[in-house]
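Chemist: Next up is a structure, given as structure tokens.
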Amino acid sequence: MMVSKIFKNFLIVKHQGFIHANYCATKPVIDVHKIRNIGISAHIDSGKTTLTERILFYSGRIDEMHEVRGKDNIGAKMDSMELERQRGITIKSAATYIKWNNHFINIIDTPGHVDFTIEVERALRVLDSAVLVLCAVAGVQCQTHTVVRQMNRYSIPYIAFINKLDRTGANPYAVLQQIKNQINENSAFLQIPISYGDNNRVEGIIDLIRSQSVYFKDPHGTQVIKTPDIPQHMASLFHKYRRELIETLGNVDEEMACYYINEQCPSPDIIEAAIKRSTILRKFVPVILGSALKNTGVQTLLDCVTFYLPDPTQKENYALDNSKKPVEKILLNPDMDKSLPFVALAFKLEVGKHGNVTYLRTYQGALNKGDTLLNTRTRKRVKASRVIKMHSDELQEVAHIPPGDICAIIGNIGSTGDTFVSGEGVEGLSCESMFVPEPVVSMSIKPDPISASSNDNGTRRLEAFGKAMTRFAREDPTFRVVFDEEAQETIVQGMGELHLEIYKQRMEREYGVKCIMGAPKVAFRETITTNCEFDYLHKKQHGGSGQYGRIIGNLEPLPANDYIKTEFVDNTVGTNIPNQFISSIEKGFNQVCQKGFLSGHKISGVRFNLLDGDHHIVDSNDISFVMAAFGAIKQTFEYGTWTIIEPIMKVEVNVPSEFQGILIATLSRKNSVIIATNQALVYFTMICEVPLNNMFGFASELRSITQGKGEFTMEYSKYAPALPETQNKLIQNYSNSNSQQIKSSRTS
């Protein structure tokens, strides 16, 4: 039965949920101070999408709530992809917007799986604040740390929402201690749960600020009942955590410190003001409670979002003015009362049923339908003929977007990270870029010839395959496609096996092309371990035009935290090497780094110091110095000490306590290094570092040894020297491959 038919007064709230679209369409002024841009972020399976589904329901954005896995063949609104509903995970971030307490809230629901971390990265890049969701049983987990690091990277204030209070073993008090000890945040409860009996059955929450009990009645939790009566058995906990809240605020806020030192009792309004100040300054993290699945605490979470999180004017955002030398950093102003030039950042591209959709975050100035925008990277002008607000996979056309808002434009207008402007004096601006992690797994991929019909010559499949690869690489900066000339095969690179598997399945579903993927290939690298000097002369002075180029310098290792980089440094003095040939030497160095001499993998973690050289007035040219750089690196390979390095992953595994022994034994066989362990109630958590090369197939292995009860997350940690047996195997395989190619060429 439709909820709107049951609760007549809910229709008012439901109607308000759609005001934002109509409000923008009629082009009145929206108060930028009433806008909130938030992200829902967490470790996988913490309840982000379920929480977002409840937020949409209580704000009137949807009429019915549905389960994440789509057992009713509908699924959660924000999981618009069929794969998301089948797997029960979020694969791509989805944007929506609601109205609550006369505030307009843009929400981005992000994935929890580390393979799709770029979705979290680019969402947090453009958001002003976030809600960090934690499981009341598992608490702070591996991906929680990753999300917090991403928030710190972009200075995002956030609220912590401890979810799943209804689960057996839920302990929000232990989770609060983990937030303090593991994430190192000044945190305190704003609420505590009202629980009864041995099973900790949660009936409601106690508001520590307003000193009242809050209950969520009826099956859908739409009746929020507040009473000043505190349950007698909860009185001691109420006073304890209210004192702790005031004390914690006193440590970060001067006004609250005065109340605490003088042993005065501040009013609720004073406490709320202190929470907002401290949260926006990222000195304090409010902690609130609930159970999204059981419809508890969601409305109070929305209240906290409007009370404590910043509006666009309270978060500083900068752009770089590239028209000035040196480049200047410009503070963008989302003031709606001033007629300022328009500045926006494209943070996501998507191709779907609506065509090409480019998501924008506006930082300064307003955008109107029909405006002409300048892409400051390509210098091309584009017309915003269709401006929209997204509601998952649905769109609402609007006529006006205020500063500080999030919107989208229909059309192929640029790439992720492009800056769009209109007006005078902003043609040279570019918004600060976002962090894009490097891929760690590569696999070969090709269309499956068996899937073709008898009258299909393969042309259609190849065209569809090419279109899909181009589209996916354009949408996702961590998904990369390269063609291996030597092996004559297409290689896809990504953040993990699941990441690449999802794109393979999307290829079949969306383009009708079944694909075959080869064995995963780890992104090994080759690096030098000691400083090695070179003095190489490339000389060819017979049989046509001559070549002459000499370079002198050294190749040295970079620090371990820069293993994935290469550096070229020109330290030459004088004119022994003319300036026009320096770029040729750098070009040769970059080319030779694409394929090492030990195993054929890329060279990284090295610095090329060019100190001196020589040239010939007639025979020196660009190709001479390109070849000289090739020869110099080969010379260091012959005389220097080289090694193979491999990606090391930080792995967090959660299993029931009875599987602790077999888990440790399994990971020990994979050459893991244990960082930390934690025994929390019925679960055992182990954090370790493991070579990525040893982690393939671990998902099925973990399911087998834990009867399907274990789960793990994995993220890139660092590069480190590979084990001797791994290096010997890679070198032997590369040698055999070269021998086979030589033999084949002689035979042919």
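The values are calculated or read from the model by the stated rules, or taken from the named source; none is laboratory data. On a predicted model such as this, the values are computed, not experimentally measured, just so you know. Note: ideal-geometry Cβ built from the backbone for every residue, glycine included; neighbour counts use all protein chains shown.
Chemist: Could you look through the stretch 502-555, keep only residues that are within 38 Å of the chain's Cα centre (by Cα) and among the small types (G, A, S), and pick out the one that is farthest from V481 (Cα to Cα)?
Modeler: That would be G512.
Chemist: If E463 satisfies every condition in (1) farther than 30 Å from S700 by Cα; (2) at pLDDT 85 or above; (3) part of a loop (DSSP other than H, G, I, E, B); (4) not basic (K, R) but one, which is the exception?
Modeler: Tallying (1) farther than 30 Å from S700 by Cα; (2) at pLDDT 85 or above; (3) part of a loop (DSSP other than H, G, I, E, B); (4) not basic (K, R), E463 fails exactly one: (3).
Chemist: Can V224 be described as part of a strand (DSSP E or B) and either without any contact (Cβ under 8 Å) to a residue 24 or more places away in the chain or under 25 Å from the mean Cα position of the chain (by Cα) (or both)?
Modeler: no
Chemist: Let me ask something additional. May I ask you to list the residues in the stretch 30-71 that are under 16 Å from T222 (Cβ atoms) and of a type in the set (K, R)?
Modeler: Within the stretch 30-71, R54, R61 meet the criteria.
Chemist: Which condition breaks for M469 when tested against (1) assigned to a helix (DSSP H, G or I); (2) in contact (Cβ under 8 Å) with a residue 24 or more places away in the chain; (3) over 20 Å from the mean Cα position of the chain (by Cα)?
Modeler: So M469 meets the others, but not (2).
Chemist: While we're looking at this one, here's another question. In this structure, does K602 turn out to be charged (D, E, K, R) and under 30 Å from L723 (Cβ atoms)?
Modeler: Criteria met by K602.
Chemist: Being under 24 Å from S129 (Cβ atoms), outside the structural domain of S129 (by TED's automatic domain parsing) and among the basic types (K, R) is the requirement here; does K348 meet it?
Modeler: yes
Chemist: Restricting to the stretch 378-428, and then to whatever is of a type in the set (D, E, K, R) and more than 26 Å from the chain's Cα centre (by Cα), can you tell me which residue is farthest from I330 (Cα to Cα)?
Modeler: So, considering only residues that are of a type in the set (D, E, K, R) and more than 26 Å from the chain's Cα centre (by Cα), the one farthest from I330 (Cα to Cα) is E397.
Chemist: Please state which of the following conditions R210 fails to meet, knowing it meets all the rest: (1) outside any loop (DSSP other than H, G, I, E, B); (2) surrounded by fewer than 20 Cβ atoms within 10 Å (Cβ to Cβ); (3) at pLDDT 90 or above.
Modeler: With respect to (1) outside any loop (DSSP other than H, G, I, E, B); (2) surrounded by fewer than 20 Cβ atoms within 10 Å (Cβ to Cβ); (3) at pLDDT 90 or above, R210 is out only on (1).
Chemist: Let me ask something else about it. Of the residues in the stretch 494-531, how many are in a strand (DSSP E or B) and crowded, with 20+ Cβ neighbours inside 10 Å?
Modeler: Residues flagged as in a strand (DSSP E or B) and crowded, with 20+ Cβ neighbours inside 10 Å within the stretch 494-531 amount to 7.
For (1) touching a Lys or Arg at 6+ places or on another chain (Cβ under 7 Å); (2) part of a strand (DSSP E or B); (3) assigned by TED's automatic domain parsing to the domain that holds E715; (4) at pLDDT 85 or above, each residue gets a yes or a no:
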site	(1), (2), (3), (4)
R61	no, no, no, yes
G75	yes, no, no, no
K99	no, yes, no, yes
I108	no, yes, no, yes
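Chemist: Condition first: in contact (Cβ under 8 Å) with a residue 24 or more places away in the chain, assigned to a helix (DSSP H, G or I) and over 19 Å from I179 (Cα atoms). Can you find one or more residues in the stretch 286-298 that meet it?
Modeler: Checked against the condition, which is being in contact (Cβ under 8 Å) with a residue 24 or more places away in the chain, assigned to a helix (DSSP H, G or I) and over 19 Å from I179 (Cα atoms), the stretch 286-298 yields at least one hit.
Chemist: If N152 satisfies all but one of (1) in contact with an Asp or Glu (Cβ under 9 Å, 6 or more places away or on another chain); (2) closer than 20 Å to I280 by Cβ, what's the number of the condition it fails?
Modeler: (1)
Chemist: Next question, about the same structure. Which ones in the stretch 679-698 are under 21 Å from H43 (Cα atoms), of a type outside the set (D, E) and crowded, with 16+ Cβ neighbours inside 10 Å?
Modeler: A680, Y683, F684, T685, M686, I687, C688, V690, L692, M695, F698
Chemist: Go through the stretch 325-381 and count every residue that is exposed (fewer than 12 other Cβ atoms within 10 Å of the Cβ) and either in contact with a helix residue (DSSP H, G or I) (Cβ under 7 Å, 6 or more places away or on another chain) or among the hydrophobic types (A, V, I, L, M, F, W, C) (or both).
Modeler: 1
Chemist: Filter the stretch 264-297 for residues that are among the aliphatic types (A, V, I, L, M) and over 21 Å from F238 (Cα atoms) and give the result.
Modeler: Initial filter on the stretch 264-297 (among the aliphatic types (A, V, I, L, M)): 270-271, 273-275, 280-281, 285, 287-289, 292-293.
Listed by number, the residues that qualify are I280, L281, A292, L293.
Chemist: Can you go through L237, L249 and tell me which one is touching a strand residue (DSSP E or B) at 6+ places or on another chain (Cβ under 9 Å), closer than 28 Å to P312 by Cα and assigned to a helix (DSSP H, G or I)?
Modeler: L249
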